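Every number here is computed from the coordinates shown, using simple stated rules; none is lab data. The model shown is predicted, which means the values in this text are computed figures rather than measured ones. Neighbour counts are summed over all protein chains in view; Cβ atoms, including those assigned to glycine, are modelled from backbone coordinates with ideal geometry.
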Amino acid sequence: MSEKQLIDHEALAGLQEVLEDDFQQLIDTFISDSRANLVAMQKALAADDSDTLRRAAHSLKGSCSNIGAAGLMQTSLDVEARAHRGDLQGVEHLLVELQGEFQQVQQQLEVYR
């Protein structure tokens, strides 16, 4: 049984072809920026700072879009929308979900390193 594909490998192959030597930097930047955004979201939620949470979720959403991580992108969008409304109840569960899926995406990206 194959592992669930959390990233669009076809899109990444196209990016790899276009970016050539810079492709590795894209992957490395995605991973480091995503980690930073996840930490920022946790801290913002703990501080009840919906604006910082919204901005970090927005940034993660864009990064996920670039590499074709649709599930991460959708969950980031959900967090962003809730933070925009100031509705932070239940967001901690979404952040746990984001963290878990990010770990899986990161594992799938290892084939490009």
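Calculated from the alpha-carbon coordinates, the chain shows an Rg and a Dmax of 14.4, 43 Å respectively. Considering only Ala70, Thr52, Leu26, the residue lying farthest towards the positive end of the dipole of the stretch 14-77 is Thr52, judged by Cα position with unit charges set on Cβ.
Hydrophobic long helices, here whole DSSP H runs in the chain with Kyte-Doolittle means of at least -1.0 and Cα atoms spread over 18 Å or more along the helix axis, are found at 23-46, 50-67, 70-85, 91-109. Here the simple spin-label model places points 7 Å from the Cα toward Cβ, and for Val111 and Ala70 these points are separated by 1.7 nm.
Nearest 20 debye, what's the magnitude of the dipole of the chain about its Cα centre given +1 on Lys and Arg Cβ and -1 on Asp and Glu Cβ? Working shown, then result.
On the way: 9 positive and 19 negative charges, 78 e Å.
Charge dipole of the chain: 380 debye, to the nearest 20.
Between Glu10 and Asp33, what is 0.36 nm times their sequence separation minus the Cα-Cα distance? Round to one decimal in nm. If you can, show how the numbers build up before the last one.
Values: separation 23, 0.36 × 23 = 8.28 nm, distance 2.23 nm.
Length gained between Glu10 and Asp33: 6.0 nm.
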